Amino acid sequence: MNATDSTPMIADHDALVALCERVARSERVALDTEFHTERSYSPRLMVVQLAFDDGAVIVDPLALPDLRPLLDAFGETVVVGHALSSDLKIFADRLDRVPSRVFDTQVAAAFLGYGMQVSLADLVRDLERVRLAKSQTVSDWSTRPFTPRQVEYLVDDVAHLLPMYDKLVAKLEATGRLAWALEECAPLGDIERFRADERRAYMRIPGAMRMNRRELGVLSEIVKLRDRMARERDLPLKYIIADDVVSGLATLRPKRVEELDQLRRLDAGARKSLGRAIVEAVARGEAIPDDELPERPQRPLGSSRDTLAALMGVLVGEVARANDLPQSLLVPRASLERVAREVPRTREAFEAALDLSHWRIGLVAEPLWRLLSGEESLRIEGYAHGDPKIRLTP
């Protein structure tokens, strides 16, 4: 598939309608996007590239501000892309839609020994024996018309996805891991995955760990205010109120606009435009009943529980090595810490605490349970011969 001057540019309503009909008829379509993140609440979509088995097209979102018909057209079409989370989050944020059937080649490759973060260029080089030219990575995609080199770059990013899809599916079927990969990709087609939990947004603010519950209640209200203002103005959160100022407001808990003068990072313009709203947010936080205040973030594990989580991590690492899988793909560290913190006493409670998908439970639950219940222990073999391996032994 070559990028030429004949690559269709979809930039008007009639062309979009025709494209949507083509997408709806297709069993699969490759997808990539280009976007800018610097000056908006959520990334601004600049280009959408699609590839079919017989060619690629470029969609211009600047000429077509409403791309919801395209997202609707995906319907039951399998959408193939590489590292798709960022692309799909833009659709979720801007259009309130995501494709329902998604195949992520980066996710699929992780089940075949490529690691968790294999790049598109590396995967194309390995599977298609093609070297992608990445000279336009920092292009300004808001400019029109595109240069020939930009068009070539845009097409290259989708041209190899469908052939790679075929190869990856064949390899996954041969190893018995296709169902695992499809299970891992399925949540990408659920829009709820991309919706932030406003109730817990305060947890991302530096300093929240040190706050008491009343301060966290105030912090939560200020964070909600900032998010609402940023969304309304389509500006990055930091352009509204910086994180350290949000944290300072939660501990200062100002009752009058005049008290905001104590925060030197909150300039006069922000105090004038946001002062009253900030004081009202603080008042809402102060009015939260004690039993409804946000919970404090969990403290780090103590040394003995941290050691237990680390020991489980060693076993998970060995299971990952034996199956040629990335360790981080098998069990998140947070799941191991939850088990170490809660110490579930039954197998059912243990699996519930792990909170893993079906294929993961099948791989790691049994050996971890045998280790934790004392039925077996970890042993290092082969060290003296320069080939140490960790074994689970009775």
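The values are calculated or read from the model by the stated rules, or taken from the named source; none is laboratory data. Remember, predicted model here, so these are calculated numbers, not experimental data. Heads up, the Cβs are rebuilt from the backbone with ideal geometry, glycines too, and the neighbour counts pull from every protein chain shown.
Things to note:
- When Ala334 is tested against (1) free of Cβ contacts under 8 Å to residues at least 24 places away in the same chain; (2) within 28 Å of Leu219 (Cα to Cα); (3) surrounded by 15 or more Cβ atoms within 10 Å (Cβ to Cβ), only condition (3) is not met.
- Unique match (being of a type in the set (D, E, K, R) and touching a Leu at 6+ places or on another chain (Cβ under 7 Å)) among Arg265, Arg214, Arg284: Arg214
- Flag if Ser142 is loosely packed, with under 14 Cβ neighbours inside 10 Å and in contact (Cβ under 8 Å) with a residue 24 or more places away in the chain: yes
- The lone criterion from (1) touching a Ser or Thr at 6+ places or on another chain (Cβ under 7 Å); (2) closer than 30 Å to Val78 by Cα; (3) small (Gly, Ala, Ser) left unmet by Gly207 is number (2).
- Meets criteria (within 26 Å of the chain's Cα centre (by Cα) and not assigned by TED's automatic domain parsing to the domain that holds Val78) for Ser273: no
- Being more than 30 Å from the chain's Cα centre (by Cα) and small (Gly, Ala, Ser) holds for only one residue in Ser357, Ser335, Ser377, and it is Ser377.
- Any chance Leu216 is surrounded by 15 or more Cβ atoms within 10 Å (Cβ to Cβ), in contact with a Lys or Arg (Cβ under 9 Å, 6 or more places away or on another chain) and in a helix (DSSP H, G or I): yes
- The listed residues are Val79, Val29, Val118, and the only one of them that is farther than 30 Å from Ile240 by Cα and without any contact (Cβ under 8 Å) to a residue 40 or more places away in the chain turns out to be Val118.
- The residue of segment 60-78 that is nearest to Phe146 (Cα to Cα), among those that are buried (at least 16 other Cβ atoms within 10 Å of the Cβ) and aliphatic (A, V, I, L, M), is Leu64.
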